[in-house]
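In what follows, a structure is listed as structure tokens, so that the remarks can point back to it.
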Amino acid sequence: MKFIQVKKTHPYDHLVAKKHGGSSIWSIIREFVNTININDTFTRKELLFYIYEENSVDAHRHTPDCYRNDLCHCCFIEKTDKRGVYKKLRHIPENMTTSQVRTIGYDKTWTEWFVPLESKLEKMGLV
């Protein structure tokens, strides 16, 4: 299988490996999280296995962790009391991009705790 290195334009991104004619790491993570039932848990190890072994992606080891942290900030998943275990809170919209995830999770205008995620998604046209 042939791999192509794709440089993202945002300085936060690492070099992300994209399979030739395949999916990006972000879409693979979104697919993995969306296959899990709401309120079910998964481990970081399961996520990494799905990315690197099942999808044969060759990428920087920190990239999945960056996306996982972004999803925690956006309340799609949350950390549990156990180390490396996460709980799914809601599905990720199929057309959601990494820039939109960062906007919801880190932009000062969006991080007010009383603004529900659904209204943020609706404002971005993702609902």
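Bear in mind that the values in this text are calculations on the coordinates, not laboratory data. In this text the structure is predicted, and so the values were computed from the model without any measurement. Here the Cβ is made from the backbone with ideal geometry for all residues, glycine too, and neighbour counts use every protein chain on show.
Taking the Cβ of Asp81 as the center, what net charge do the other residues with Cβ under 15 Å away carry, scoring Lys and Arg +1 and Asp and Glu -1? Before the final figure, lay out the partial values.
On the way: positive: Arg44, Lys79, Lys82, Arg83, Lys87; negative: Glu78.
Surrounding charge for Asp81 is +4.
Taking 7 Å along the Cα-to-C-beta vector as the label spot, tell me the Leu126-Thr41 distance in nanometres, rounded to one decimal.
2.6 nm
Which FRET efficiency value, to the nearest 0.05, is calculated for Phe49 and Ser99 with the Förster distance at 25 angstrom and r the Cβ-Cβ distance?
0.40
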